[in-house]
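Each reported figure results from applying straightforward, stated rules to the coordinates on display, with no laboratory input. Here the structure is a predicted model, which is why all the values come from computation and not from measurement. Reconstructed Cβ throughout: ideal geometry from the backbone, glycine too, with neighbour counts over all protein chains shown.
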Amino acid sequence: MKEQKLTVTENRALTESVYRMELAGEALEAQKPGQFVNIRLDGLFLRRPISVYDSAEGRLAIIYKAVGKGTRQMTGLKPGAELDVLTGLGNGYDLAKAGNRPLLLGGGVGVPPLYLLAKQLREQGRAVSVVLGFNTRAEVFGEKEFKALGCDVTVTTADGSYGKRGFVTDALPEEYSYFYTCGPEPMLRAVYRATKTSGQFSFEERMGCGFGACMGCSCKTITGYKRICREGPVLEKEEILWAD
Amino acid sequence: MGRLTTTLCGIELDNPVIPASGTFGFGYEFTQWYDINILGTFSFKGTTKDPRFGNPTPRIAECPAGMINAVGLQNPGVDRVISEELPKLKEVFHKPVMANVSGFSVADYAETCARLDGEAQVGWLEVNISCPNVHGGGMSFGTDPKAAAEVTRAVKQVTSKPVIMKLSPNVTDITAIAKACEDAGADGISLINTLQGMRIDLRTRRPVLRNVMGGVSGPAVFPVALRMVYQTARAVSVPVVGMGGVSSAEDVLEMMMAGAAAVEVGAANLTDPMACKRIIEELPEAMDRYGIRELSELGGKN
């Protein structure tokens, strides 16, 4: 965990509401897949937690959806803008359990944290299958990037306007050794029910601090109370207790 | 004695800056950001007799110049605070710590305080009768002078440590509550806890917080807090700890000019993990700017 000044080097729209931002900073360390950063924005009190899309030493890419005041404000940031960012937050995905044929399941704006994961799994020589789910054709992003890594990519849309009609759970491959997923909670619940192996889920929650101080993002798990920002955002399938 | 030295209920502080309960955990989370021994002290996470998960999420919302929380006193319970958190804290913090206590009955408060009275590292007991986010406890003791006095008396009976009663701003006359606590034996008063508030999500048309209402903190509440500290410091003769939206060295000075002996910093720790370090470092320069040689000049009762 570090607090640092990062400079925006690129900020462009991928779809009508999804943006990709590149950030650079000299002392920036490579982030782990599944980790997030917490960004301070002018005029807003709370930082905005955004998952890491891609990262290497000195640079960082995030993909975010303009949903509320903070993320809408982010879309207006131009190259050269300096941001105060807390980096290296959260536990991230554990690659050790992937096996030879890991499956990655991403839904909507839950797709981004899977990219750095896929990249590292491919570097380890694993055969990676990816299923990306969206509501409709206009919202699709990331297909080309995952394919360029050498992943076997399937895209689903709920309305059938692109790829396979349905949800990510309608496109699960026959064989996979383990899975990693991130997406809206209804999707995560469906993935929990539909998968045959163990796996890891990345959760989101409204956060106060992002580094474990305020207890704002706590959840109950089989192994006790956890903070999404600290012991999460990635939880193992076996420890998840769904609320309600 | 340095320029920043102050005294709180007979215990000397290197400086008046105290991270507020609920924004600093049990101290441990901040050791990765800076050496927490630079602090005057800190008030640890509100502790209850039994372990609590707190309220369902979302528990946090943004508001203009601040935030709203409805965490609801998540804590591991006094037994585990004593057996796990305090031994861990001893490794990284070598000053007296302020123990923050909450409860759901007078007996709860007394039992938790009695347990913490036996802990050598606990310097002060800060008794929270002002949590707006729990039902059947917390704030209900802090909005009625009789109940506030009853909790104060019960706690004073079980401890020899200084007892600081933490008050709620959600009252008509803060001085009536403060005086009731003083008359019942309180050694100090701290204020303010959060102001009750809420937000509605325009997209869902429902409250952002699952608890519907929560407590507002951050710079937005600073003038309200300052006013209440000013009123309270004039109404009682015990030391007053000021808090509410403090986020700069100037805010600390303003609180002390209003009559605070020491100053707690809350929400600022969450958005800037280095907030208290920065404030302590900026204090001497801010004092120079306003012609303050030593903080002891500022007149808060100690």
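Shown in residue order for the range A:237-244 are the 3J(HN,Hα) couplings computed by the Karplus curve 6.51 cos²θ - 1.76 cosθ + 1.60 at θ = phi - 60°: 3, 5, 9, 6, 10, 6, 5, 6 Hz (x for Gly and Pro). Going by neighbour counts of Cβ atoms within 10 Å, the residues A:244, B:187 line up, fewest first, as A:244, B:187.
Rounded to the nearest 10 degrees, the angle from helix A:113-123 to the longest Cα principal axis of chain A is 70 degrees.
With q set to 0.20, 0.27 Å⁻¹, the log10 of I(q)/I(0) for the range B:98-165, from the Debye formula over equal scatterers at the Cα positions, is -0.69, -1.19. Figure legend: label point modelled 7 angstrom from the Cα of residue A:27 along Cα→Cβ; residues of the range B:17-35 with amide N under 16 Å from it are B:32-35. Ranked by how many other Cβ atoms sit within 10 Å of their own Cβ, fewest first, the residues B:109, A:176 fall in the order A:176, B:109.
Computed from the Cβ-Cβ distance with R0 of 60 Å, the FRET efficiency linking residue A:56 to residue B:121 stands at 0.85. Highest GNM mean-square fluctuation, chain A, Cα pairs closer than 10 Å: which of A:34, A:58, A:224? Among A:34, A:58, A:224, the largest GNM mean-square fluctuation belongs to A:224. Against chain A, whose longest principal axis comes from its Cα atoms, helix A:185-194 is set at around 30 degrees. Taking Lys and Arg as +1 and Asp and Glu as -1, the other residues whose beta-carbon sits under 12 Å from that of residue B:156 total -3. Comparing mean-square fluctuations of A:129, A:198, A:51 from a GNM of chain A with C-alpha springs under 10 Å, the top value falls on A:198. The mean sequence distance of close C-alpha pairs (under 8 Å, at least 6 residues apart), as a share of the length of the range A:95-202, puts its relative contact order at 31 percent. Per the Debye formula on identical point scatterers at the alpha carbon atoms of the protein assembly as shown, with no solvent, log10 I(q)/I(0) at q = 0.05, 0.07, 0.08, 0.10 Å⁻¹ is -0.22, -0.43, -0.55, -0.82. Rounded is the label for chain B, because the ratio a/c of its alpha-carbon gyration tensor axes (a ≥ b ≥ c) stays below 1.5. Take the alpha-carbon centre of the range A:124-168, take the same for the range B:1-30, and report the distance between them in whole Å. If we compute the Cα centre of each part, the gap is 53 Å. Going by neighbour counts of Cβ atoms within 10 Å, the residues B:33, B:124 line up, fewest first, as B:33, B:124. Each part gets one Cα centre, and for the range B:134-195 versus the range A:58-122 those centres are 46 Å apart. Seen from a random direction on average, the alpha-carbon convex hull of the range A:2-89 projects onto 5.1 square nanometres. For residue A:215, the shell of other residues with beta-carbons less than 9 Å away shows a net charge of +3, using +1 for Lys and Arg and -1 for Asp and Glu. Backbone amide hydrogens, once placed in the peptide plane, bring residue B:13 within less than 5 Å of B:6, B:7, B:8, excluding anything fewer than 5 places away on its chain.
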